[in-house]
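Each reported figure results from applying straightforward, stated rules to the coordinates on display, with no laboratory input. Being a predicted model, the structure only gives us computed values, none of them experimental. A quick note on method: Cβ atoms are made from the backbone with ideal geometry, for glycine too, and the neighbour counts reach across all protein chains shown.
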Amino acid sequence: MIKIAFFDTKPYEQEVFEKCCKENMEIKFMEHKLNRSTVDSAKGCDVVCAFVNDILDTEVMKELNRLGVKLIAMRCAGFNNLDLNALDGLRVARVPAYSPYAVAEHAIAMLLILNRKIHKAYNRTREYNFSLNGLTGVDLHGKTMGVVGTGTIGRVFIDICRGFGLKIIAYDPYPQPNIEYTDLDTLFRESDFISLHCPLTDDSYHLANGRRFEMMKSTAILINTSRGALVDSGALVEALWNKQLRAVALDVYEEEAGYFFEDCSGEVVDDAMLQLLVSMPNVLITSHQAFLTEEALLNIASTTINNIEEFFTEGKITHEVTAKS
Ligand code: NAD
């Protein structure tokens, strides 16, 4: 029997993983996240199944090795929360793509909501306030969308944007055909809307920062559905105060761990930056929700289970993550 320690379980995941699980696998579903203080709950398990806000640092890796865990099966695409230099024999699998449509469609939904102020209109009409004052948006047609990262999700996002008649400019160190590329500064300077679709790396950390907010059009909208730390939140708050951009949509936030995915409505959220962002009428925040479609959940579960099966039956991992990744 292959025993799997499943951290940070949510009901919508448990249901689909139970459906996809093979007969020779046993999943121990746990609500808590994986970190130094919880790593011991992987004891007796062959696999750790972790998600975006679990912390797999050097200490956790050491302990997983000591406990005899063989495989870390990430049920997500990103792996910036793992210390890959501390694997020491542990192998890592991930789900490289589960539904680029889910994330790209969420990004465009956030843009449409912010631009046409649907979030405000929804609240108004619930109180029988049918006034249109302050709800004016702009046509997307003919405007310029700057796309940072033209991988799987970025390219689906570009296809959707082209349907709206947006002109696309992009930045990616590995260009693709049929896309107009430019450097990052030009992208920030010339775009009416900017959407981030690149991974979080040393190079991309805080790529949206104070210097670049100064370059943005004051009418521009920034959308981040990738990883929180692509955006310098402190500089973003200042830029919003200084009206250096019109609005921002965040599905991710650099200090999201501990809040996102959780119901914190009964407590005081002790993150002043998050409180400031939530309080602003031109900031739309969703809680790392972009991936959350039925299709994506099914693909995540089936690919994760296949990764585990492949490793234990054939000893190989098609979707492996290594220190060189
Ligand atoms: P991908 O690997 O297919 O594409 C990423 C692209 O980014 C590649 O083309 C790569 O060359 C490019 N890139 C790398 N470094 C860059 C840099 N410094 N600047 C600009 N581009 C750079 O990944 P994907 O499947 O398209 O996913 C993109 C990101 O979306 C993931 O890294 C993940 O962080 C995020 N994501 C978020 C959610 C969510 O629910 N919010 C879900 C899935 C993925």
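Overview of results
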| quantity | calculated |
| --- | --- |
| Among 110, 216, 30: highest mean-square fluctuation, GNM of the chain, C-alpha pairs under 10 Å | 30 |
| Ordering of 179-191, 289-301, 145-157 by burial proxy (mean other Cβ atoms within 10 Å per residue, highest first) | 145-157, 289-301, 179-191 |
| Cα-based reach from residue 70 at 30 Å (exclusive), listing lysines while leaving out same-chain residues under 8 positions away | 3, 10, 19, 22, 28, 33, 43, 62, 316, 324 |
| Estimated Rh, the stretch 100-285: Kirkwood, alpha-carbon pairs, angstrom | 17.0 |
| For peptides 42-53, 228-239, sequence by mean Cβ density within 10 Å, most packed first | 42-53, 228-239 |
| Set of lysines with alpha-carbon distance to residue 167 below 28 Å, sequence-local pairs under 8 removed | 117, 120, 143, 217, 243 |
| Against the rule of thumb 2.2 N^0.38 Å, how large the Cα Rg of the stretch 134-221 comes out | 1.07 |
| Separation between Cα centres of the stretch 155-178 and the stretch 251-324, rounded to whole Å | 24 |
| Cβ-based exposure ranking for 193, 164, 311, in which fewest neighbours within 10 Å come first | 164, 311, 193 |
| Residues residue 320 and residue 1, FRET efficiency given R0 of 22 Å [Cβ-Cβ distance, rounded to 0.05] | 0.40 |
| Kirkwood Rh, Cα atoms: Rg over Rh of the stretch 226-301 | 1.01 |
| Sparse-neighbourhood loop sites, GluC sites (Glu not before Pro) in the stretch 61-149 - DSSP loop, at most 16 other Cβ within 10 angstrom | 127 |
| Relative contact order (%) - criterion: Cα under 8 Å, at least six apart; region: the stretch 100-285 | 18 |
| Residue-count net charge about residue 142 - beta-carbon cut-off 12 Å; Lys, Arg +1, Asp, Glu -1 | 0 |
| The chain: calculated mean residue ellipticity at 222 nm from DSSP helix runs of at least 4, using -39500 (n - 2.57) | -10000 deg cm²/dmol |
| Kirkwood hydrodynamic radius (C-alpha pairs) into Stokes-Einstein, the chain, 20 °C and 1.002 mPa s, D in µm²/s | 102 |
| Part-to-part distance (alpha-carbon centres) for the stretch 213-232 and the stretch 29-104, which is given in Å | 29 |
